[in-house]
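Following: one structure in structure tokens, then a few remarks.
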Amino acid sequence: MAVRRKLIKERVPTPERPPKERVKDFKEVNLGYTFELAVKEAERCLQCPYEYAPCIKGCPVHINIPGFISKLVEYRDNPDKAVREALRIIWNDNTLPAVTGRVCPQEDQCEGACVVGKVGDAVDIGKLERFVADYARKNGIEEELLCEFEEECTGELGKVAIVGAGPAGLTCAGELAKMGYKVTIFEALHKPGGVLAYGIPEFRLPKEILDHELAKLNRLGVEIKTDHVVGRTVTIEELLQEYDAVFIGTGAGTPKLLNIPGILLGRIYSANEFLTRVNLMKAYEFPEYDTPIAIGKKTIVIGAGNTAMDAARSALRLGSEVTIAYRRGREDMTARIEEIKHAEEEGVQFEFFLQPVEFIGDENGRVKAVKFERMRPLEERDKRGKRKIVGTGEYVTLEADTVIIAIGLEPNRIITETPGLKTNPNGTLVVDENLMTSIPGVFAGGDAIRGEATVILAMGDGKKAAKAICDYIEKKRAKANA
Amino acid sequence: MGYRITAKENLSVIDFFMEVEAPHVAKAWKPGQFVVFILHEKGERVPMSVYKADKETGRVSMFIRKLGKTSLQLYYEFNVGDELWSFLGPLGKPIKVKYYGNVVFASDAVCGQAENYATLKAMKEAGNYTISIQSFENRANVYPEEFLAKPVADEYYLTTEDGSVGIKGHYLDVVKKLIEQDKVDIIFAGGKLGSLAKLAELTRPYGIPTITTVRQIMVDGTGMCGSCRILYDGEIKFACRDGPMFDAHKVDWDDVIRRDSRFAEQQALARERYLAKLREKGVI
Ligand SMILES: Cc1cc2nc3c(=O)[nH]c(=O)nc-3n(C[C@H](O)[C@H](O)[C@H](O)COP(=O)(O)OP(=O)(O)OC[C@H]3O[C@@H](n4cnc5c(N)ncnc54)[C@H](O)[C@@H]3O)c2cc1C
Ligand SMILES: Cc1cc2nc3c(=O)[nH]c(=O)nc-3n(C[C@H](O)[C@H](O)[C@H](O)COP(=O)(O)OP(=O)(O)OC[C@H]3O[C@@H](n4cnc5c(N)ncnc54)[C@H](O)[C@@H]3O)c2cc1C
Ligand code: SF4
Ligand code: FES
């Protein structure tokens, strides 16, 4: 029953480490709620009825948000029980809450729709989700719930191969395992997680949390084969001979680069190269770790999405001054609001309406400056609702001894070369309404079919595909038996 | 789970041979493809050419130069029975094995020497007349006979730059002679980048197809990071995904060579630090 509550307009803030301190290391910036603070924030939720709650509609996987929030208030005298009940509800729709609580663009999704947000600050749904996951992990509650699941994971219903261990693949694997399938994931890198492992830095998503999520899958009987590139080490065709179905969750891992003069100069990185060196290979601890990174005193990051913020803030932590240069205006930046805020607090500078046209090198073949054309916004808007921009014919040159390009990603081409696998002109895989590709029995989801999207959408696809795969295998069996 | 080292041997004063058990790679490997391995949890991802890949035993072997931190550590600290942390592959596009006529293989450094054997063997099986030219700096750098491509090639040349063994000179000199004798239909080459750039200029006027390994500093090796980008025919290509073998006439070699020194300072630092450690321990 919905309870009438007094509306509290202001959010209970989550403690954060001060900017001056946190730019010195890669440890997590936001410290998250304590149980007391979480309950206080939970009390701000008006408990809109399930059928109407706008936050649920705003969530791509439709988590029962008022449901889980209410448990925190209801069992406020028994934190363990409160979290156990809350987690049970979240897990119905989302098995990686410690991740999504940290990385979802909540302001565009659940929180963007929250009714409290119409008069004050929206309920901090993301931080509450994160709190539940973190508390459950640290206090053995996750463990208890996992034991309940384990019994269902018989692995007897069939065998499924998953390509790529990003959020899409991991979710699909977890769901199928719970349904009773034997699942094997094939991952190209030496570490599973996809962007969560190589892209998103530890100050936003500690590796410990990712490792924990992976251990969870392990418990459900999912096998992960790292060092396997599908399309090279093993082909989809070969997988189809051994498995009843295949799910492709290979993401959009190929960086777009600017084909302008000077692109091959030293110290011009794609964000993926930069972030992989720093996050996955721990180049920030070079030479203790073997992978090097070369960075100068002045870094320019090109782009304004999450990738650009992550690259900029990583560069700051490596001791560089950082400017983000974006070809559109401030309001068009696509990064999460929290990341933009954190970047600003930490001292990242922003320059708008600048389109790079040339990289200028020094005598050693390294970049020393970037030439930009100034852009001007028009009233007209493009398909995504952003104002169109045109060049002004006016140029500016900014000094930089390091450049990081974060202008977007395309699907990995090794998988799209698979014979018979149809792609759209932008390289994404063609799928039907059940997420089945042009090859029968081969399904796909996440960035591989959407282009660059979000963690939660990738997870949503993984889940939907798991159901479709289950149907597909059942039908196939029925036909064979008939 | 690691990948067990099954053999290790010195090839010369500067290069060594190593064989690793990696059935998933051995099963799928085709000539022209490479691997990426990591020594240990703190290690770097390093690409290597493949000398042999045996489907039956599941073993993959390589020729490796004792060069920087990683290769030195592999040489000094990893022995038969030890395990490598990660071993990924095969990567890159296989070369087209078919009948070309007279096929020349040339190399003057480890990565090319490794490819020399396996690719040449496959080409011979496809009915080609195969000519191998392996160049070394001097006698001390020459490999034992069993590791040379000599036994598999129809025609074989060994050169040293100082003339201490075999023909005095470089593979470029031998290639020039073979072209004059009208014996070259296609060339496959690997090894030092500078030599490959010169080879491209040598064969260009004759229009002889020249396919070379374009070695670039890599991270993932799967097309995810863009570290290995090159300018090829005016377009950006990734050496790991679109190569590593490319038509040498279309490669912008100046840029390739320049990009190879991107981390020179960091690499020198890591090497010095590691050598100091070895000295301290009395290993060297
Ligand atoms: C730096 C950065 C920051 C981001 N920040 C956010 C954020 O804050 N919030 C948010 O919601 N989204 C964010 N995103 C986007 C989000 O990470 C992606 O939308 C999401 O990871 C897509 O999941 P996926 O499973 O489809 O693919 P990925 O996470 O890309 O995983 C794909 C996996 O497949 C593997 N693979 C690829 N090809 C093969 C092959 N042939 N064989 C075997 N394995 C293969 C890859 O190695 C990888 O592990 C960010 C992206 C980046 C790059
Ligand atoms: C397709 C390909 C095939 C190769 N085959 C062989 C081979 O058969 N035998 C062999 O000894 N070497 C080979 N290499 C080169 C080998 O990867 C590097 O020499 C190795 O990474 C050196 O590491 P290091 O720490 O010992 O030396 P470092 O001091 O790190 O580097 C020495 C030199 O190696 C190159 N290098 C360093 N790191 C990388 C990297 N991650 N990727 C590519 N190049 C790098 C640079 O040119 C550098 O100047 C190959 C490289 C590529 C790209
Ligand atoms: S919309 Fe806001 S107030 Fe309503 S249930 Fe969701 S979180 Fe609570
Ligand atoms: S090594 Fe990363 S794209 Fe080639």
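The values are calculated or read from the model by the stated rules, or taken from the named source; none is laboratory data. As the structure is a computational prediction, the values presented were derived from the model and not from experiment. Glycine also receives a Cβ, built like all others from the backbone with ideal geometry; neighbour counts cover every protein chain displayed. When the accessible area is computed, the model is the full protein with side chains, heavy atoms only, and any ligands, DNA or RNA have been set aside. Shrake-Rupley method; radii C 1.70, N 1.55, O 1.52, S 1.80 Å.
What helices (runs of 4 or more DSSP H), lying completely within segment A:57-162, carry at least 1 residues that are away from ligand 1 (no atom under 16 Å from the Cβ)?
Hits in segment A:57-162: A:65-74, A:79-93, A:110-113, A:125-138, A:141-150.
Checking the conditions here, which among A:T250, A:T235, A:T226, A:T254 is within 11 Å of chain B (Cβ to nearest Cβ), at pLDDT 95 or above and under 16 Å from the mean Cα position of the chain (by Cα)?
Selected residue: A:T250, the only one of A:T250, A:T235, A:T226, A:T254 that is within 11 Å of chain B (Cβ to nearest Cβ), at pLDDT 95 or above and under 16 Å from the mean Cα position of the chain (by Cα).
Working only within segment A:178-223, note down all residues that are within 13 Å of chain B (Cβ to nearest Cβ), part of a helix (DSSP H, G or I) and crowded, with 21+ Cβ neighbours inside 10 Å.
A:V195, A:A197, A:Y198
For A:A482, indicate whether it is without any contact (Cβ under 8 Å) to a residue 40 or more places away in the chain, open to solvent by 30 Å² or more (accessible area, probe 1.4 Å) and either more than 16 Å from ligand 2 (Cβ to nearest atom) or under 23 Å from A:I263 (Cα atoms) (or both).
Judged against the criteria, A:A482 is a match.
Per-residue answers, yes or no, for (1) within 14 Å of another protein chain (Cβ to nearest Cβ); (2) modelled with pLDDT of 95 or more; (3) farther than 21 Å from B:P23 by Cα:
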{"position": "B:E83", "(1), (2), (3)": "yes, yes, no"}
{"position": "B:S86", "(1), (2), (3)": "yes, yes, no"}
{"position": "B:P90", "(1), (2), (3)": "yes, yes, no"}
{"position": "B:K93", "(1), (2), (3)": "yes, yes, no"}
{"position": "B:K96", "(1), (2), (3)": "no, no, yes"}
{"position": "B:V104", "(1), (2), (3)": "no, yes, yes"}
{"position": "B:V110", "(1), (2), (3)": "no, no, yes"}
{"position": "B:Y117", "(1), (2), (3)": "no, no, no"}
{"position": "B:A122", "(1), (2), (3)": "no, no, no"}
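What do you reckon, is B:L11 within 14 Å of another protein chain (Cβ to nearest Cβ) and either open to solvent by less than 10 Å² (accessible area, probe 1.4 Å) or among the hydrophobic types (A, V, I, L, M, F, W, C) (or both)?
no
Of the conditions (1) at pLDDT below 95; (2) within 14 Å of chain A (Cβ to nearest Cβ), B:V184 clears all except one; give me its number.
Failing condition for B:V184: (2).
Residues in segment B:66-75: is at least one closer than 24 Å to B:P151 by Cβ, within 14 Å of chain A (Cβ to nearest Cβ) and not charged (D, E, K, R)?
No, because not a single residue in segment B:66-75 is closer than 24 Å to B:P151 by Cβ, within 14 Å of chain A (Cβ to nearest Cβ) and not charged (D, E, K, R).
Here's the yes/no breakdown for (1) over 30 Å from A:V163 (Cα atoms); (2) in contact with a strand residue (DSSP E or B) (Cβ under 6 Å, 6 or more places away or on another chain):
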position: A:G249; (1), (2): no, no
position: A:S270; (1), (2): no, yes
position: A:N279; (1), (2): no, no
position: A:T291; (1), (2): no, no
position: A:A294; (1), (2): yes, no
position: A:A304; (1), (2): no, no
position: A:A311; (1), (2): no, yes
position: A:L316; (1), (2): yes, yes
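Do you know which residues across segment A:151-175 are modelled with pLDDT under 95 and either among the aromatic types (F, W, Y) or under 12 Å from A:C470 (Cβ atoms) (or both)?
Within segment A:151-175, A:L157, A:G158, A:E175 qualify.
Go through (1) at pLDDT below 90; (2) within 30 Å of A:T323 (Cα to Cα) and name the single condition A:I404 misses.
(1)
Counting only residues that are away from chain B (no Cβ under 14 Å) and not aliphatic (A, V, I, L, M), give me the helices (runs of 4 or more DSSP H) lying completely in segment A:406-482 with at least 2 of them.
Those helices (runs of 4 or more DSSP H) span A:455-481.
Would you tally the residues in segment B:35-44 being open to solvent by 10 Å² or more (accessible area, probe 1.4 Å) and touching a residue at least 24 places away in the same chain (Cβ under 8 Å)?
The qualifying residues number 3.
Do we find that B:K27 is in a loop (DSSP other than H, G, I, E, B) and either surrounded by fewer than 17 Cβ atoms within 10 Å (Cβ to Cβ) or within 12 Å of chain A (Cβ to nearest Cβ) (or both) in this structure?
When the stated conditions are applied, B:K27 does not pass them.
Of everything in segment A:378-401, what is surrounded by 14 or more Cβ atoms within 10 Å (Cβ to Cβ) and at pLDDT below 90? Give them in sequence order.
Once the filter is applied, which keeps residues that are surrounded by 14 or more Cβ atoms within 10 Å (Cβ to Cβ) and at pLDDT below 90, segment A:378-401 yields A:K386, A:R387.
Results for (1) away from ligand 4 (no atom under 16 Å from the Cβ); (2) within 25 Å of A:L217 (Cα to Cα); (3) of a type in the set (A, V, I, L, M), shown as yes or no for each residue.
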residue	(1), (2), (3)
A:K24	yes, no, no
A:T34	yes, no, no
A:V39	yes, no, yes
A:A42	yes, no, yes
A:H62	yes, yes, no
A:P66	yes, no, no
A:I69	yes, no, yes
A:L87	yes, yes, yes
A:W91	yes, yes, no
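Is it fair to say A:G112 is closer than 30 Å to A:F203 by Cβ and open to solvent by 40 Å² or more (accessible area, probe 1.4 Å)?
Values: closer than 30 Å to A:F203 by Cβ: yes; open to solvent by 40 Å² or more (accessible area, probe 1.4 Å): yes.
Criteria met by A:G112.
Touching a residue at least 12 places away in the same chain (Cβ under 8 Å) and touching a helix residue (DSSP H, G or I) at 6+ places or on another chain (Cβ under 7 Å): does that describe A:A466? Quick ask: steps written out before the conclusion?
On the way: touching a residue at least 12 places away in the same chain (Cβ under 8 Å): yes; touching a helix residue (DSSP H, G or I) at 6+ places or on another chain (Cβ under 7 Å): yes.
Here the answer is yes, as A:A466 does meet what is asked.
Sort through B:V104, B:V110, B:V142, B:V152 and tell me the only one that's of a type in the set (V, I, T), closer than 21 Å to B:S71 by Cα and out of contact with any Asp or Glu (no Cβ under 6 Å at 6 or more places or on another chain).
Within the list B:V104, B:V110, B:V142, B:V152, the selection yields B:V142.
If I go through segment B:225-278 residue by residue, how many of them are open to solvent by less than 10 Å² (accessible area, probe 1.4 Å) and within 7 Å of chain A (Cβ to nearest Cβ)?
Residues that pass the stated criteria total 7.
Could you say whether any residue in segment B:204-213 is within 12 Å of ligand 2 (Cβ to nearest atom) and under 18 Å from the mean Cα position of the chain (by Cα)?
yes
Which residue is farthest from ligand 1 (Cβ to nearest atom), if the candidates are limited to segment A:238-292 and must be within 26 Å of A:E156 (Cα to Cα) and free of Cβ contacts under 8 Å to residues at least 12 places away in the same chain?
A:Q241
Out of all the residues in segment B:192-208, is one or more more than 14 Å from chain A (Cβ to nearest Cβ), in contact with a strand residue (DSSP E or B) (Cβ under 7 Å, 6 or more places away or on another chain) and open to solvent by 10 Å² or more (accessible area, probe 1.4 Å)?
yes
Among the residues of segment A:331-338, is any among the small types (G, A, S), closer than 20 Å to A:E273 by Cβ and within 14 Å of another protein chain (Cβ to nearest Cβ)?
No, that holds for no residue.
Has segment B:101-114 got any residue that is out of contact with any Phe, Trp or Tyr (no Cβ under 7 Å at 6 or more places or on another chain), open to solvent by 20 Å² or more (accessible area, probe 1.4 Å), within 16 Å of ligand 2 (Cβ to nearest atom) and under 23 Å from B:I208 (Cβ atoms)?
Within segment B:101-114 (the criterion being out of contact with any Phe, Trp or Tyr (no Cβ under 7 Å at 6 or more places or on another chain), open to solvent by 20 Å² or more (accessible area, probe 1.4 Å), within 16 Å of ligand 2 (Cβ to nearest atom) and under 23 Å from B:I208 (Cβ atoms)), the answer is yes, since at least one residue qualifies.
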